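**Student:** One structure coming up, written as structure tokens, with questions to follow.
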Amino acid sequence: MAERITNFLKYGASPSPVKSVSHSEADDFVPSLALAATDDPSIAPLLLFPLVSNPRTPKAMAYALLDYDEVRRLVLSEERQETENAHLSGVRQDEDSNEDWWQRDWGLLHRHCSVDECLTFEAADEINRAKIVISSLRKSASEFYTRLNLGTDAESLWIKKYKVEGRIWSNEAFISDILSLLPIAVSRCPDLLEPDILVRGLLTAKWGATLLAATIINNPFIQQTTIVLLADFLSRFLKKNDRDPLYPDVCSFSENTASYQASKDASKHKISSLISHCIQQACWVFVLLCRSVPELAFTCREALVKRCTFPDMVMHITVELLHDELEFFSRLIFSNKKTSEWILSSMCLASREPVHFLPRLQQMKNLSNQLEEYFGSAAVPASVKDMEGVVQHVRRALITDAEVAFNEQGWRGRLHGHLRLYCVLTCAG
């Protein structure tokens, strides 16, 4: 059903089918539908019908009606003023200093952000809230880019406990507003919020995965580029032996709070790091995208395969969404040495060390519920904890397809492909 919305947003298909989409399936598309309704009032009744009971609809409509030329002027004017003030006061940037910047609280990571950002946002009207969100995100992206390029090792990015006080990106009271505003701001001001700014700025945020996924879903024109940037990030920083990128050894997830906490066993677990948090957020974006827009599953999978990263998500997408196990694994194993070695070694490692972090995509709720379900007290549902490893799902899917092929065609056709793949997987262990 969500495909009816994506067809309208991405390809300009008739808006009439959107009216029949269920309220729950339309929840993820509140900003883009509100924006389209304001752009063409003649089709507004069709687009807003699935959103009549959604509490975010009035906010989204208010943000969609803003004058974003004025928002752009305010943002650029503030940035010019800050640059001039820094120049006149002789303030020197200290990116190359030896200060232990990673030992600061997370909330002070972005030096240019005021500690009263939340108070300013709370007191602001809609147009100034839009300005604050865009300006804050651009500053966050610039700061993260600078720090990230000081070194490529995770050890160079250690910080203390996960703390984000004083920033709108960490305040749960504002998340609903930002979920409604940010996708619209990206659509209206694409020059100020380009995909690389979104990735760098949002991966550091407490709710970064939810915000970034919502922004990508509601802006089809940035989907391909942003997915590639996320895959590049994982390829650079996700180590080949990271069997659990969403809950890595570097930090443990508390079931009683939404904060990441250092492990009690200091000898075994180090303090949480900025880079591990960003890796988790990037991985979750892929999970959320494939859940909300299954049409993006192929794009996500190909981006990860091309960079030989996050193999568990690759296998998960194949088994749960695309259902082309025989063709896909045959292509990876028999057509390219690099991808063959990568996927076989990943499957062997996963067989010895099963990973249970990926939830069944069909069972996931819409993005508006991700805050509670994946970052709150129910972050690791029992069904996920008890779920068997992804390689077992692959094997089961292949066996099922082989049985179907045998019943339909006997000892020929597709079954030959299954036998060849079975022999390779068996030899590989």
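**Student:** Specify the residue that is nearest to the chain's Cα centre (by Cα); the eligible residues are those in segment 178-196 that are surrounded by fewer than 22 Cβ atoms within 10 Å (Cβ to Cβ) and either of a type in the set (D, E, K, R) or closer than 21 Å to Cys118 by Cα (or both).
**Tutor:** Selected residue: Asp196.
**Student:** May I pose another question? If you take the residues of segment 209-222 that are more than 11 Å from the chain's Cα centre (by Cα) and not aromatic (Phe, Trp, Tyr), which of them is surrounded by the most Cβ atoms within 10 Å (Cβ to Cβ)?
**Tutor:** Among residues in segment 209-222 that are more than 11 Å from the chain's Cα centre (by Cα) and not aromatic (Phe, Trp, Tyr), the one surrounded by the most Cβ atoms within 10 Å (Cβ to Cβ) is Asn218.
**Student:** Inside segment 318-338, can you point out the residues that are among the β-branched types (Val, Ile, Thr) and closer than 12 Å to Val391 by Cα?
**Tutor:** Passing the criteria: Thr318, Val319.
**Student:** Examine segment 102-121 for a residue that is aromatic (Phe, Trp, Tyr), at pLDDT below 95, open to solvent by 50 Å² or more (accessible area, probe 1.4 Å) and assigned to a helix (DSSP H, G or I), and state whether such a residue exists.
**Tutor:** Yes.
**Student:** Here is a further query. When you go through (1) at pLDDT 90 or above; (2) among the aliphatic types (A, V, I, L, M); (3) open to solvent by 20 Å² or more (accessible area, probe 1.4 Å) one by one for Ala130, which number turns out not to apply?
**Tutor:** So Ala130 meets the others, but not (3).
**Student:** I would also like to ask the following. Could you list, in sequence order, the residues of segment 19-55 that are open to solvent by 20 Å² or more (accessible area, probe 1.4 Å), more than 21 Å from Ala130 (Cβ to Cβ) and not in a helix (DSSP H, G or I)?
**Tutor:** Passing the criteria: Ser22, Asp40, Val52, Ser53.
The values are calculated or read from the model by the stated rules, or taken from the named source; none is laboratory data. The model shown is predicted, which means the values in this text are computed figures rather than measured ones. Note that we place each Cβ from the backbone using ideal geometry, even for glycine, and neighbour counts take in every protein chain shown. Quick note on the areas: whole protein, heavy atoms, side chains included, nothing else; ligands and nucleic acids left out. Shrake-Rupley method; radii C 1.70, N 1.55, O 1.52, S 1.80 Å.
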